[in-house]
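Colleague: Have a look at the structure that comes next, please.
The values are calculated or read from the model by the stated rules, or taken from the named source; none is laboratory data. Source: prediction; values computed, not measured. When we count neighbours, we look across all protein chains shown, and the Cβ atoms used for this are built from the backbone with ideal geometry, even at glycine. Heavy atoms of the whole protein, side chains included, go into the accessibility calculation; ligands, DNA and RNA do not. Shrake-Rupley method; radii C 1.70, N 1.55, O 1.52, S 1.80 Å.
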Amino acid sequence: MKKLRVLLVDDEIMIREGFKKLFDWKAHDCEVVGEAADGMEALTKIDSLLPDIVIMDINIPIMNGLKVIQMSKIKHPEMAFIIVSGYDDFAYCREALRLQITDYILKPVNYEEFGTCIDNMKIARFKSTHEETRNLGEERTIHGLTRYLQEHLKEEISLSVLAEEFHLNPQYISQLFKNEIGVNFLTYLTNIRLEHAKKLLISTSLPIAEVSEQSGYGDYRVFTKVFKKNEGITPSQYRKALWNEGN
């Protein structure tokens, strides 16, 4: 497992040394990659080292910790910040919440509590990454499914055909259409078939039966029924109305 990179920011060297020596970073799959003693140094180290976690005191020279976090969040929104402060101040806590700080721990540090904080943060990061990966996978899958439908519009297509072609569960595909597109599979298929049919009716003089077949309806009577249900008129009436408009 990849270790999480940690930056320690505190103007007291004894505090930084305490973190390095008194907390078992290795046991929590972390490694300290740098230190900073003031706000400007912290900003520089954050940009150059790109740590996963920044352990930050609030009252540090030049620029306070909250300002450092505010500026860093703009460029590194995924970076985790844990405030370790000697001040149990409501205003600080409120500002920390506004900045979406991972945790706010008071000095002197209870390292068992700190370890729990690190572990909870790792779990949250894992869940977030897993969710992003799953969402990306679903987007790619629905793109592949819709592309397949467009390319095989004339053929007999069903959830079972897609399931066999993409090695997926039919129920999963059905749910994917509802989640990603907002309509069920049959509605989507009907819509793209009718859109294709309308293009043929407008741009060609093909017989209705041929338009029906090229749009995935082997029986033109079924095609006519579906077309009228969705458009309010028959394919012939649709073509005639549009051709009359053009003349």
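Colleague: Is at least one residue of the range 1-16 in contact with a helix residue (DSSP H, G or I) (Cβ under 6 Å, 6 or more places away or on another chain) and part of a helix (DSSP H, G or I)?
Modeller: Checked against the condition, which is being in contact with a helix residue (DSSP H, G or I) (Cβ under 6 Å, 6 or more places away or on another chain) and part of a helix (DSSP H, G or I), the range 1-16 yields no hits at all.
Colleague: Now for a separate question. Counting just the residues of the range 9-36 that are open to solvent by 20 Å² or more (accessible area, probe 1.4 Å) and of a type in the set (Val, Ile, Thr), which one comes out modelled with the lowest pLDDT?
Modeller: The residue in question is 15.
Colleague: Going through the range 24-75 one residue at a time, which ones are farther than 24 Å from residue 123 by Cα and assigned to a strand (DSSP E or B)?
Modeller: Scanning the range 24-75 gives 35, 36.
Colleague: What do you reckon, is residue 188 over 13 Å from residue 216 (Cβ atoms) and either of a type outside the set (Lys, Arg) or not in a helix (DSSP H, G or I) (or both)?
Modeller: For residue 188, the condition - over 13 Å from residue 216 (Cβ atoms) and either of a type outside the set (Lys, Arg) or not in a helix (DSSP H, G or I) (or both) - is not met.
Colleague: Condition check: at pLDDT 95 or above and either among the charged types (D, E, K, R) or surrounded by fewer than 16 Cβ atoms within 10 Å (Cβ to Cβ) (or both). Does residue 193 satisfy that?
Modeller: Details: at pLDDT 95 or above: yes; either among the charged types (D, E, K, R) or surrounded by fewer than 16 Cβ atoms within 10 Å (Cβ to Cβ) (or both): yes.
Taking the combined requirement at face value, the residue satisfies it.
Colleague: If you scan the range 100-157, which residues turn out to be closer than 28 Å to residue 66 by Cβ and outside any helix (DSSP H, G or I)?
Modeller: 100, 101, 102, 103, 104, 105, 106, 107, 108, 109, 110
Colleague: For the range 196-247, enumerate the residues that are open to solvent by 50 Å² or more (accessible area, probe 1.4 Å), touching a Phe, Trp or Tyr at 6+ places or on another chain (Cβ under 7 Å) and touching a residue at least 12 places away in the same chain (Cβ under 8 Å).
Modeller: Hit for the range 196-247 is 231, nothing else.
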